1. When residues of the range B:53-99 are filtered for being part of a helix (DSSP H, G or I) and under 24 Å from the mean Cα position of the chain (by Cα), how many remain?
2. Looking at this structure, is residue B:127 under 22 Å from residue A:162 (Cβ atoms), touching a residue at least 24 places away in the same chain (Cβ under 8 Å), open to solvent by 10 Å² or more (accessible area, probe 1.4 Å) and not charged (D, E, K, R)?
3. Identify, from the list A:108, A:138, A:87, the residue that is away from chain B (no Cβ under 14 Å) and either without any contact (Cβ under 8 Å) to a residue 60 or more places away in the chain or on the phi > 0 side of the Ramachandran plot (or both).
4. Hey, residue B:68 hits all of (1) modelled with pLDDT of 90 or more; (2) crowded, with 19+ Cβ neighbours inside 10 Å; (3) of a type in the set (Val, Ile, Thr) but one; which does it fall short on?
5. Of the conditions (1) at pLDDT 90 or above; (2) aliphatic (A, V, I, L, M); (3) surrounded by fewer than 19 Cβ atoms within 10 Å (Cβ to Cβ), residue B:73 clears all except one; give me its number.
6. For the list (1) away from every other protein chain (no Cβ under 13 Å); (2) more than 17 Å from residue B:139 (Cα to Cα); (3) touching a helix residue (DSSP H, G or I) at 6+ places or on another chain (Cβ under 7 Å), I need the number of the one condition that residue B:108 fails.
7. What's the total number of residues in the range A:41-64 that are more than 15 Å from residue A:221 (Cα to Cα) and open to solvent by 90 Å² or more (accessible area, probe 1.4 Å)?
8. Tell me yes or no: at least one residue of the range A:189-201 is farther than 28 Å from residue A:57 by Cβ, open to solvent by 20 Å² or more (accessible area, probe 1.4 Å) and aliphatic (A, V, I, L, M).
Amino acid sequence: MSWRRSLYHTLLWAVALLWFAPVAWIILSAFKTREDILATPPKLIFTPTLQNFVDLFNRNTSFTTQFLNSIVLSVTSVVIAVAVSFLAAYAFSRFKPRGTNFLMFLLLSVRMLPGPAVILPIFLMYAAFGWKDSHVALVLFYAMFSIPFSVWILKGFLDGVSIRYDETGRVNGGSWAHVIFRVVLPQVKPGLIAAFIFNLIFVWNEFLFNFVIGGVRTQNIPYALAVGTYSDGGLNWTFIAALTTIYLVPPVLAIYAFQKYLLVGMTFGTVRGEV
Amino acid sequence: MAEVVFDGVCRRYGATLALDRVSLTAPDRMFTVLCGPPGCGKSVLLRLLVGLETPDAGRVLIDGQDVTDMPPARRPVGYVPQSFALYPHLSVRDNIAYPLRLARAPAARIREQVARVAELLSIGHLLDKTPDTLSGGEKQRVAVARGLSREARVFVLDDPLVGLDYKLRERLMADLKTLGAELGATFLYAASDPLETLTMAQRLAVLEGGRLVQAGPVEEVYAEPAAEAALRLVGFPRANLLAGRRREGVVEAGPLRFAAGGPDGEVLVGLRPEAAGPPGRGVAGEGVVTLVEDLGAELVVYLDCAGEALTLVRLAEEGAPAIGTTFRFGVDPADLMLFDRATGLALGRARGREAA
């Protein structure tokens, strides 16, 4: 039994490492010189250098703006999306308006279309309103795109919170705000965090809309990666490696910090014991 | 003084009438138990009193004051919901203090009151725990404590012991009764278990299908059911109801035949299992034993009387009859109740002593 267990674990490790290899390659490359990156056979032992990062901050003047844009755009839009979704999901879960199921489906169907299918009308709309290259307008779009999925996650969690809690709050004199934010909200924290992380990853990685309806002032890191890759003639491997490595840090930290909530979030709140 | 009066309340959900013109008075400082099958409207009635629902028609009065449209927070009512609904993110202490905090009571007052109800329910040692570390019975006590911590004159308990194991229920039932007497408040209590109903009640209200069947002191409802539903829904084991017919002053129902004056017609004959005795007590009957439950001091004997099922309670010292044998019994005619089969209303009793 024990050797089968070890074999199983070895296999899992092998698969995990295989999947992690490209990530490891890009992170290692960030500390290599251009020659070391392109060496054949690949160099595993090399003298690490921070020159790539220094270059990124010195030579690439828009890097800081792009990094800040990525953070501001994703955090702001996701905070708005989660707040709106929580209230919407609360209404769906508690008041069960006529046609709740259909509305929920309609909401999700927004996300069934691939981005390129909706980019044209959105572009025309943004151009007509003069909203291009505006942080507020882009945040609005990302929030709109993050809401359907968040409502779905949060409704699952809210359905798992007995309505008796709400009633106990109301009977004892709690206002609606009290019931929603002080009684129910603390009980769906894992759901809020899961919705936050999932959407954060989406907006953090978003390129297409940033490219089309954004502009010089709102460029984010995916944009910088896509555009900067060929900027000096050939493929700029040191730039890609250094930028990608920095780009990886915030989501990895966020996921690491909240990983125990993410596991709950992935079950959509369906596995909950009632207290 | 906190007399609770429901005055002709109706509540409709879509096509179903959950409460149909229910008028009920729960006297001050009394323990009134609402009983009835699931879905009979007892929870809805309590929710109207608490203020979680508004009646479509009728009024709810507490101490003579109309509270029908008063928001729940302003009613002097403490509520223990069916599920415990303890806040998992708060400690037991904060859970109990919750109604007081919301009412913005001063901190000293909260401390004092929490200590008082915690002592009342002997949960003082649990105050710093969180609800998820408590056992079912402890959670229930905390839920009751939270309901009682409110300064209220009326306390509403909606089937608070459902789902607890038997021993715990017995203990909590006793505790709740003592508590009711100590607090000197009016209690309304919904129960789904027939034993719990009889144990807890001072006054009893029987509901079925959204209508009030009978209300009164518990002894009276037990001894003099005003309708067949009151007989059927109160008491354990379940009372027998035999379909029969009265013709020229003689009633025939299943194995029973006895004289009972009154107009001819279709009747139901009610007999409490515990009212049957050994043969030779007036009305005689017999049936084939299908099952015997030995409860220690008593035996519950299930009979098949030519197709009609009959349940009787006999003393254990008489010895358990063998299954498949014929069992004879006698009934005092004064224990045979007659109901109109169409309306379910009581028609009186078979008073005569003539054996069939």
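1. Within the range B:53-99, the first condition is being part of a helix (DSSP H, G or I), and the residues that meet it are B:72-74, B:92-99.
Cutting the leftovers down to under 24 Å from the mean Cα position of the chain (by Cα) gives us none.
Summing the residues that are part of a helix (DSSP H, G or I) and under 24 Å from the mean Cα position of the chain (by Cα) in the range B:53-99 gives 0.
2. On the way: under 22 Å from residue A:162 (Cβ atoms): no; touching a residue at least 24 places away in the same chain (Cβ under 8 Å): yes; open to solvent by 10 Å² or more (accessible area, probe 1.4 Å): yes; not charged (D, E, K, R): yes.
Spelling it out, it is not the case that residue B:127 is under 22 Å from residue A:162 (Cβ atoms), touching a residue at least 24 places away in the same chain (Cβ under 8 Å), open to solvent by 10 Å² or more (accessible area, probe 1.4 Å) and not charged (D, E, K, R).
3. A:108
4. (2) is the only condition that residue B:68 fails.
5. Against the list (1) at pLDDT 90 or above; (2) aliphatic (A, V, I, L, M); (3) surrounded by fewer than 19 Cβ atoms within 10 Å (Cβ to Cβ), residue B:73 comes up short only on (1).
6. Only one criterion in (1) away from every other protein chain (no Cβ under 13 Å); (2) more than 17 Å from residue B:139 (Cα to Cα); (3) touching a helix residue (DSSP H, G or I) at 6+ places or on another chain (Cβ under 7 Å) is unmet by residue B:108, namely (3).
7. Here the count works out to 10.
8. Among the residues of the range A:189-201, at least one is farther than 28 Å from residue A:57 by Cβ, open to solvent by 20 Å² or more (accessible area, probe 1.4 Å) and aliphatic (A, V, I, L, M), which makes the answer yes.
The values are calculated or read from the model by the stated rules, or taken from the named source; none is laboratory data. Every value quoted in this text rests on a predicted model; they were computed, and no experiment measured them. With ideal geometry, Cβ positions are generated from the backbone for all residues, glycine too; neighbour counts draw on all protein chains shown. These area figures cover heavy atoms from the full protein model, side chains too; ligands, DNA and RNA do not enter into them. Shrake-Rupley method; radii C 1.70, N 1.55, O 1.52, S 1.80 Å.
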